[in-house]
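Heads up: the structure comes next, in C-alpha cells.
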Amino acid sequence: MKQITTLDRMKAPVMARNWASELMGFLQTQWKAVVVFVPFFWLLVFFLAPFFIILKISLAESLIASPPFSPLFEWAEDGVMSIRIIFDNYSYLWEDELYLNTYLSSLKISTISTVICLLLGYPMAYAIVRSPPTTKNILLMMVILPFWTSFLLRVYAWMGLLADQGLVNDFLIWAGFIETPVRLMYSHFAVYVGIVYTYVPFMILPLYANMEKLDMELHEAAADLGSKPTTTFFTITLPLTWPGIVAGSLLVFIPATGEFVIPDLLGGGNVLMIGRVLFNEFHANHDWPVASAVAIALLILLVVPMMLYQRVQAKETESD
Amino acid sequence: MSSQDEFEDQPWLDPDAVPFISIRGVTKKFGDFVAVDSVDLDIYQGELFCLLGGSGCGKTTLLRMLAGFETPSSGSIFIDGVEMSNVPPYERPVNMMFQSYALFPHMNVEKNVAYGLKRDGVPKEEINLRVAEMLSMVELTDFSQRKPHQLSGGQRQRVALARALIKRPKVLLLDEPLAALDKRLREQTQFELMNIQEKLGVTFVVVTHDQEEAMTLSTRIAVMDAGEFEQIGSPTEIYEYPDSRMVADFIGSINMFEGRVTQNSSDHISVSGSEEDIEFFVDYGMSIKDGNKVWVAVRPEKMRLSKEPPTAKKANQIKGMVQDIGYLGDISIYRIKLASDRVIDVTVPNQIRPKDGKHVAYWEDEVYLDWDAASAIVLTR
Ligand SMILES: Nc1ncnc2c1ncn2[C@@H]1O[C@H](COP(=O)(O)OP(=O)(O)OP(=O)(O)O)[C@@H](O)[C@H]1O
Ligand SMILES: [Mg+2]
C-alpha cells in the first residue's frame with residue numbers, strides 16, 4: 001500500500017503537468033473549435049434547454065398541483081414507460097379567436113413599428129455616417145445614451161408625458177392647438193410611440209455599421225455615369241445597405257412582437273398584444289400549458305419566416 | 001495651306017482655336033492646405049492630355065474638379081463653352097475612370113459596364129450589343145457574369161475602363177488607367193486608347209505617374225508639382241527643352257552641371273562649370289546676364305564616350321573614369337566618375353553585339369565624354 005501511494009505522489013505532478021500542457025496544446029491547435037464551442041455550449045444550456053422545457057409543458061395538461069401540469073413521461077407499475085402528449089393546448093389556441101386576433105394584432109403592431117423605425121433610423125444612420133468624425137462620435141453616443149437608464153423608467157416617463165395632464169397635452173393647450181386634453185395614453189398611438197422610441201437605436205446601430213463600410217466613391221461613380229441622386233439611392237445605396245436593413249428590422253421586429261411592458265403600461269386593456277396574453281395565462285389563469293403553447297406558437301411564427309428568408313438569401317448568393 | 005491644316009495636330013498653337021476645356025485660375029484648398037494652386041489650362045478637342053507628376057501633387061484633385069466631385073475654392077472651369085460651377089456631375093459631358101476603380105460590388109461585370117447606358121434610357125438590345133463589344137475590346141467577355149470581388153486587379157481595372165468608355169463621352173478623365181496592367185496588356189490598351197481617341201474624337205485627360213506612358217500616349221503633357229504646373233508642352237518639348245531642373249529631372253534621366261555665364265549673345269551662350277572643369281558652349285541665345293548662375297543639362301544618350309582624347313575642340317568635353325557598367329540589352333549605361341568625384345550617366349547603344357562581352361570601355365578605364373553644342377540645355381531655375 002505504502003509503496004503505491006509514494007509512487008502515486010511522484011506521478012501526480014508529472015501527470016498534472018502533462019494534463020496542463022496537453023490542454024494548452026489542444027487550445028493551440030483547436031482554438032477555432034473552442035471559440036465556436038463555448039458560445040455554442042452557452043446557447044445549448046440557456047436557450048435550447050428552456051425551449052425544450054417549455055415545449056414539454058405545452059404538450060401537457062393543466063393540473064391544480066405543483067407543478068401545475070401533468071408529467072410527460074410516466075412509469076407505469078409494470079415498469080413500462082408511458083408518454084402522454086396532448087395537442088389540446090394548440091388546438092385551443094386555434095379555436096379561440098382571441099389568440100389568433102392577438103397574434104395578428106401583435107404582428108401588425110410590430111410590422112408598422114419596424115417600418116416607422118426604418119423610416120426614422122435610415123436617414124439618421126446615414127446622417128451620422130456622413131458627419132465629421134467628432135460630431136459622429138457625439139451623435140453615436142446620443143443614440144446609445146438612453147440605454148444608460150432603465151427601460152422601465154423610460155416607459156414610465158412616457159406615461160408622464162402622454163397623460164391627460166402630461167407635458168404633451170399641457171404644451172398643446174398652451175400653444176393653442178387644443179382646448180381640452182386629448183386622450184393619448186392607453187391607445188395604439190401610445191404603444192407605437194413607446195415601441196418606436198425604445199427600438200429605434202436597434203435599427204440605427206446595424207444600419208450605421210453597414211453604412212460605415214459604404215464607399216462614397218461609388219456614389220460619385222454612379223453620378224459620373226449620369227445617375228441622378230434618387231436613382232443612385234435605389235440602384236446603389238439601397239442594395240448595398242440591404243443587409244443592414246434586414247439586420248436592423250429583425251432586431252426591432254422580433255422583440256417588438258413579443259413586447260409586454262410597453263403594451264401593458266402604455267396600451268392598457270385597449271391594445272391586444274401576445275406578450276400580455278402570455279403574462280395573463282401564466283399569472284392570472286395559472287394555465288402553464290396554454291401559456292407555453294402561446295410562447296411556442298409565437299416562436300414558430302417568427303422563426304419560420306426568418307428561415308425561409310435565409311434560404312432565399314443563400315440561394316441568391318449561390319447563383320451569383 | 002490653310003491655317004486649319006497647319007495646326008491640325010497641334011491645335012494649341014493655333015491662335016484662333018477654341019479650347020474644349022478651359023481652366024481659369026482654379027485653386028482648391030482643403031482647409032489651409034492648397035492642393036491645386038491657381039492653375040490655367042486649355043485643352044483642345046481630340047487631345048490626349050497627360051497630367052504627370054509625383055504622388056500628392058494634385059492630379060486627382062484637378063481631375064475631380066473637372067468631373068464635378070470637388071468644387072474649386074476659386075476660379076472657373078469651362079467645358080465645351082459652358083461654365084461648370086452649377087452643373088452637377090451627372091449632367092457633365094465627362095466620364096471618369098477612378099483611381100480606385102469604384103466598381104459597384106453588388107453588380108456583375110456586365111451590369112457595371114451597362115450602368116451608364118441604362119441611366120440614359122438606351123434600348124435594351126443596343127445596351128447588350130455595346131456592352132458585348134466593349135467587353136470583347138477589354139478581353140473580359142468570359143468574365144461578364146463575375147462580381148468585382150472575383151476579379152484580379154488588372155481585370156477590375158479593365159472593367160472600370162470599359163464602364164467609363166461605354167458612354168462615348170466628350171471628355172474622358174482617366175486616373176492612372178493602366179497602372180495595374182501587365183506590359184503586354186498595357187501596350188495593347190494604350191494602343192486601344194489612342195485608337196478610340198482617334199475614332200470617336202474623344203478628348204482624353206489622363207493622369208499618370210509613368211513618364212514613359214505619358215510620352216507614348218499624349219499630344220501634350222503638363223508636369224505638375226505641389227499643385228502647380230511646372231511646364232506644359234508636347235512630349236518632345238518636355239523632353240528636349242525642359243524649362244526647369246524639376247521637369248528635366250522628372251522626365252528621363254539627365255546630367256546637371258552648375259555654372260556661370262561667361263559670354264552670351266543672340267545665338268549662343270558660354271558657361272563655365274563651377275565644380276567641374278568644363279567649358280559649355282550652347283548653340284542658342286537667352287537673355288541672361290554674364291556671371292549669372294545657371295545649370296547646364298545634358299541627357300545621357302546625347303553624350304559620346306570614347307577612349308581617345310577628342311581632337312583640338314575645347315568646349316563641351318570632360319574626362320572621367322568608368323566606375324560601373326550596366327548592360328540593358330539595347331543599350332549600356334556607363335557610370336562615369338569625374339575629377340570632382342561626381343558620377344554621371346552616359347548611355348551607349350549596342351549597335352554591334354559586344355563580342356565575348358567586349359565593351360567600348362572597361363571598369364577603371366580613363367574615358368573622354370563630349371557632346372554637341374545643340375545637345376545641352378541651359379536652365380535658370
Ligand atoms: N479630401 C481631402 N481632404 C484633405 N486633403 C486632401 C483631400 N484630397 C486630397 N487631399 C490632399 O491634396 C493633395 C493632392 O491630392 P491628390 O489626390 O490630388 O494627389 P495625386 O496627385 O492624385 O497623387 P497620387 O499620384 O498619389 O494619386 C494631397 O496632399 C492630399 O493629401
Ligand atoms: Mg491620384
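The values are calculated or read from the model by the stated rules, or taken from the named source; none is laboratory data. Predicted model only: the values in this text are computed from it and were never measured. All Cβ positions, glycine included, derive from the backbone under ideal geometry; neighbour counts span all protein chains shown. We work out accessible area using only protein heavy atoms, side chains counted, and drop any ligands, DNA or RNA first. Shrake-Rupley method; radii C 1.70, N 1.55, O 1.52, S 1.80 Å.
Label zone (residue B:55, point 7 Å along Cα-to-C-beta; backbone nitrogen cut-off 18 Å) within the stretch B:220-238: B:224-227.
For the stretch B:56-94, heavy-atom accessible area (probe 1.4 Å) falls by no less than 20 Å² from the chain alone to the full protein assembly at B:64, B:69, B:89, B:90. Count Lys and Arg as plus one, Asp and Glu as minus one, and take only other residues whose Cβ is under 14 Å from that of residue A:297; the net charge is then -4.
If each residue of separation counts as 0.36 nm, what is the full-extension length gain between residue A:74 and residue A:36 once their alpha-carbon separation is subtracted?
Values: separation 38, 0.36 × 38 = 13.68 nm, distance 3.73 nm.
So the extension gain works out to 10.0 nm.
Quick one: accessible area per residue over chain A, 1.4 Å probe, rounded to a whole number of Å²? Numbers along the way, then the final one.
Values: 20110 Å² over 320 residues.
On a per-residue basis, chain A sits at 63 Å².
When DSSP beta bridges are restricted to pairs lying wholly in the stretch B:152-250, around 50% turn out antiparallel. Couplings 3J(HN,Hα) of the stretch B:133-147, computed from phi: 4, 5, 5, 6, 5, 8, 6, 10, 3, 6, 10, 4, 9, 7, 8 Hz, in residue order, whole Hz [Karplus 6.51 cos²θ - 1.76 cosθ + 1.60, θ = phi - 60°; x for Gly and Pro].
Please compare each pair in B:111/B:183; B:59/B:118; A:136/A:213; A:228/B:170; A:228/B:199 to a cut-off of 24 Å on the Cα-Cα distance and tell me which ones are over it. Intermediate values should be presented prior to the final figure.
Details: B:111/B:183 28 Å; B:59/B:118 30 Å; A:136/A:213 15 Å; A:228/B:170 19 Å; A:228/B:199 29 Å.
From the list (B:111/B:183; B:59/B:118; A:136/A:213; A:228/B:170; A:228/B:199), the Cα-Cα distance tops 24 Å for B:111/B:183; B:59/B:118; A:228/B:199.
Between amide H atoms placed 1.01 Å from N, distances below 5 Å from residue A:69 occur with A:63, all of them 5 or more places distant or on a separate chain. The listed residues B:90, A:192 rank as B:90, A:192 when sorted by accessible area, largest first, using a 1.4 Å probe.
Mind checking A:213-221 for the average number of partner chain beta-carbons within 10 Å of each residue's beta-carbon? Can you show the working numbers first?
Working: counts 0, 1, 5, 2, 6, 7, 3, 9, 18.
Other-chain Cβ atoms within 10 Å of each residue's Cβ, averaged: 6.
Peptide B:159-165 shows a mean partner chain C-beta count of 1 within 10 Å per residue C-beta.
Restricting the GluC sites (Glu not before Pro) of the stretch A:62-108 to loop positions (DSSP other than H, G, I, E, B) with no more than 11 neighbouring Cβ atoms within 10 Å leaves A:77. For chain A, the 222 nm mean residue ellipticity estimated from helices alone, with every DSSP H stretch of n ≥ 4 adding -39500 (n - 2.57) and the total spread over all residues, rounds to -24000 deg cm²/dmol.
3J(HN,Hα) along the stretch B:324-333, derived from phi through the Karplus expression 6.51 cos²θ - 1.76 cosθ + 1.60 where θ = phi - 60°, amounts to 7, 10, x, 9, 10, x, 6, 9, 10, 9 Hz, with x in place of Gly and Pro. For the pair residue B:182 and residue B:352 in one chain, pulling the backbone fully straight at 0.36 nm per residue adds 58.2 nm over the alpha carbon distance. Counting protein heavy atoms only, the stretch A:141-199 has 73 percent of its accessible area on carbon and sulfur, 1.4 angstrom probe. Given the rule -39500 (n - 2.57) for each run of at least 4 DSSP H residues, summed and divided by the residues of chain B, what is its mean residue ellipticity at 222 nm, to the nearest 500 deg cm²/dmol? Result for chain B, helices only: -6500 deg cm²/dmol.
Can you classify chain B as rounded, prolate or oblate using the Cα gyration tensor, where a ≥ b ≥ c are the square roots of its eigenvalues, rounded means a/c under 1.5, and otherwise it's prolate if a/b beats b/c and oblate if not? The shape class here is prolate.
In the P(r) worked out for the stretch B:102-188, what percent of Cα pairs fall beyond 14 Å? Can you show the working numbers first?
Numbers: 2304 of 3741 pairs.
The answer is 62 percent, as a whole percent.
Per-residue Karplus couplings for the stretch B:318-323, computed as 6.51 cos²θ - 1.76 cosθ + 1.60 with θ equal to phi - 60°, are listed in order as 7, 9, x, 10, 5, 9 Hz, Gly and Pro entered as x. In terms of the Cα gyration tensor, with a ≥ b ≥ c the square roots of its eigenvalues, is the stretch B:19-246 rounded because a/c is under 1.5, prolate because a/b exceeds b/c, or oblate? Since a/c reaches 1.5 and a/b is larger than b/c, the shape of the stretch B:19-246 is classed as prolate.
What shape does the stretch A:254-320 have by the C-alpha gyration tensor, where a ≥ b ≥ c are the square roots of the eigenvalues, rounded means a/c under 1.5, and otherwise prolate means a/b greater than b/c and oblate the rest?
It comes out oblate by the Cα gyration axes.
In loop segments of the stretch A:19-118 as defined by DSSP, the chymotrypsin sites (Phe, Trp or Tyr not before Pro) with at most 16 further C-beta atoms inside 10 Å of their C-beta are A:87.
What FRET efficiency comes out for the pair residue A:152/residue A:312, r = Cβ-Cβ distance, R0 = 45 Å, nearest 0.05? Before the final figure, lay out the partial values.
On the way: r = 38 Å, r/R0 = 0.85.
FRET efficiency, residue A:152 to residue A:312: 0.75.
Just for the protein assembly as shown, what percent of DSSP beta bridges are antiparallel, to the closest 5? Walk me through the numbers before you get to the answer.
Working: 63 of 82 bridges.
Once the DSSP bridges in the protein assembly as shown are tallied, antiparallel ones form about 75 percent.
Against the globular-protein guess of 2.2 N^0.38 Å, express the Cα radius of gyration of chain A as a ratio, rounded to two decimals. Please report the intermediate quantities before stating the final value.
Details: Rg = 27.5 Å, N = 320, 2.2 N^0.38 = 19.7 Å.
It is 1.40.
In the stretch B:100-124, the residues whose accessible area drops by at least 50 square angstrom when the other protein chains are added to the isolated chain are B:104, B:106, B:115, B:119; the probe is 1.4 Å and only protein heavy atoms count.
Over chain B, what percent of the accessible surface lies on carbon and sulfur atoms, probe 1.4 Å? It is 48 percent, rounded to a whole number. A cut-off of 5 Å between modelled amide H atoms, ignoring neighbours fewer than 5 places along the same chain, links residue B:350 with B:331, B:332.
Beta bridges per DSSP, both residues in chain B: antiparallel share near 75 percent. Could you work out the Rg to Rh ratio of the protein assembly as shown, with Rh taken as the Kirkwood radius (inverse of the mean 1/r over all Cα pairs)? Taking Rg over the Kirkwood Rh, I get 1.17. Taking Cβ atoms as reference points and 9 Å as the exclusive limit, the residues near residue B:219 contribute a net charge of -1, counting Lys and Arg as +1 and Asp and Glu as -1.
Please check chain B for the longest run free of GluC sites (Glu not before Pro) that are loop-located per DSSP (anything but H, G, I, E, B) and have at most 11 other Cβ atoms within 10 Å. Counting only loop sites that pass the neighbour cut-off, the longest clear stretch is B:9-363.
Run through the stretch A:46-140 and list the trypsin sites (Lys or Arg not before Pro) located in a DSSP loop whose Cβ has at most 12 other Cβ atoms within 10 Å. The partial results should precede the final answer.
On the way: sites: A:56, A:84, A:108, A:130, A:136; in loops: A:84.
Those satisfying the criteria are A:84.
Heavy-atom accessible area buried between chains A and B is around 1800 Å² (1.4 Å probe, both sides summed).
Distances between placed amide hydrogens fall under 5 Å for residue B:255 paired with B:298, B:299, all partners being 5 or more residues away or on another chain.
Output the relative contact order of chain B, whole-number percent, from Cα pairs under 8 angstrom with separation of 6+ residues.
Working: 754 pairs, mean separation 53.5, N = 381.
The value is 14 percent.
About its Cα centre, chain A has a charge dipole of approximately 1160 debye under the convention of +1 per Lys or Arg Cβ and -1 per Asp or Glu Cβ, with nothing else charged.
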